[in-house]
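No lab work stands behind these numbers, since they all come straight from the coordinates. Not measured: the values here are computed from a predicted model. Here the Cβ positions follow ideal geometry from the backbone for every residue, glycine too, while neighbour counts run over all protein chains shown.
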Amino acid sequence: MKGRNVFVTLLVMTLALLASPMWAQSNITTGEVLGTVKDAEGGVLPGSTVELRNVDTGLVRRAVTNAQGAFRFEFVPVGTYEIRAELSGFRPEVKQGIAVSLGTSVRVEFTLNVGTLAEEVTVTAAAPLVETTRPDVANAVGEIQIANLPLNGRDFLDFIALTPQSTVDDLGRAHIGGMRGIQNNFNIDGANAQSSFFGEERGGTRPAFTFSQGAIKEFQVIPSSYNVQFGNASGGIINAITKSGTNDFKLEGWYYFRDESMMEDFKKPPAATVAPQKRAFEQHQFGLSVGGPFIKDKLHYFLSYDGQRLDRPLALEFRNFPAGREADFEAKTGLRLADESFRTITQTNDDDVILGKLDWQVSSSLLATFRHNYSNYEGQNATSDSITTGVSNNGLERNKFNSSVLNLNAVLGGN
């Protein structure tokens with residue numbers, strides 16, 4: 001037993017050293033629970049034992065109230081909890097349905113009445129209406145919204161438009177509080193995911209998505225008054241976390257299809273001399289996710305795959321081309337004008353995204369999480385969307401993106 005404790009201690013110290021650059025940001029993936037324990041007359045009860053248990057994963061943490069009867073659980077993983085408070089000579093009280101969301105501080109108050117430990121009182125908690133314990137103004141998009149609201153494209157970042165002071169432009173870049181996209185900061189699972197040059201999520205805007213909608217648990221948009229844990233932005237903060245496995249096996253699958261029969265007829269663009277040729281439009285989006293326990297209450301897994309196959313027409317035409325200059329164009333470029341313009345080509349946007357995640361509850365005070373995300377994008381004729389360019393001014397686009405995050409959630413002290 002002693003050898004096992006030494007091994008776990010060495011493992012924690014090693015991982016802590018490897019993860020040290022991220023300590024300052026570690027709590028952006030969690031919430032906290034705090035409150036007080038009092039008797040029926042309103043007097044505080046120091047020395048009370050408070051136990052917090054995640055009803056989905058079995059994670060358990062314990063705290064003892066201080067001289068003011070207060071307790072605090074920091075770095076609490078997002079989820080639904082049951083909290084129990086007890087003290088010798090009093091009836092224990094259990095609060096059920098305590099929802100901890102990303103970046104929130106949930107206050108839970110206990111009132112213990114005189115009695116025995118065998119007489120337990122259970123209360124179903126109501127969610128607080130207003131967040132009053134944090135200085136930042138955050139707008140959350142939760143798991144139910146992400147799973148059920150219709151979204152063309154399955155890029156979870158499009159949900160940013162649901163939050164106040166936010167909009168998404170035609171290129172998929174978010175503008176928050178009237179600021180440019182390059183002034184935002186993206187965080188996923190506690191790690192920076194910002195492409196500062198383009199002002200977008202790392203991995204590019206040409207891929208349909210770099211993280212599957214089915215893999216995102218929830219995210220928040222913070223337009224101003226950031227907490228000190230955030231930075232590197234003068235616009236907004238987009239802070240997201242991915243799903244984790246639970247004690248229950250869960251399987252989800254999806255398939256979406258669109259073609260030209262579901263769209264309006266092609267029309268001749270303004271100032272164009274010819275209408276684009278009728279060309280098939282097809283979009284297939286498909287995938288699945290699965291999660292569950294390797295070891296109940298200890299080790300959980302989550303896997304997701306999301307794919308897209310998209311073919312769409314692009315009508316090309318050199319507008320206002322000077323009459324009689326065709327030969328000059330061909331002599332200088334070496335290209336046939338008839339091959340370059342007045343044609344409809346097919347653009348593709350094919351994307352495959354795979355995410356895997358492991359959560360290991362090493363002990364009641366240590367939770368280790370590892371997540372890897374892989375995105376593979378390929379687009380034929382995807383270099384340019386301009387209809388006034390030529391066929392040769394296009395090509396094959398490829399983008400492969402890997403992202404790995406190791407997160408250690410360690411509680412090293414008491415309240």
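Fewest-first ordering of PHE342, PHE257, PHE156 by other beta carbons within 10 Å of each residue's beta carbon gives PHE257, PHE342, PHE156.
As a proxy for reagent exposure, HIS175, HIS300 were ordered by neighbouring Cβ count within 10 angstrom, fewest first; the result is HIS175, HIS300. Ordering SER48, VAL37, PHE73 by Cα displacement along the dipole of the stretch 33-79 toward the positive end leaves PHE73 in first place; charges were set at the Cβ atoms of Lys, Arg (+1) and Asp, Glu (-1).
Based only on other Cβ atoms within 10 Å, what is the fewest-to-most ordering of VAL141, VAL60, VAL221? Can you show the working numbers first?
On the way: VAL141 21, VAL60 15, VAL221 27.
Least crowded to most crowded, the residues run VAL60, VAL141, VAL221.
In the stretch 250-410, the inverse of the mean reciprocal separation of distinct Cα atoms equals 19.8 Å; this is its Kirkwood hydrodynamic radius. Calculated translational diffusion coefficient of the stretch 24-124 (37 °C, 0.692 mPa s; Stokes-Einstein with Kirkwood radius over alpha-carbon pairs) equals 240 µm²/s.
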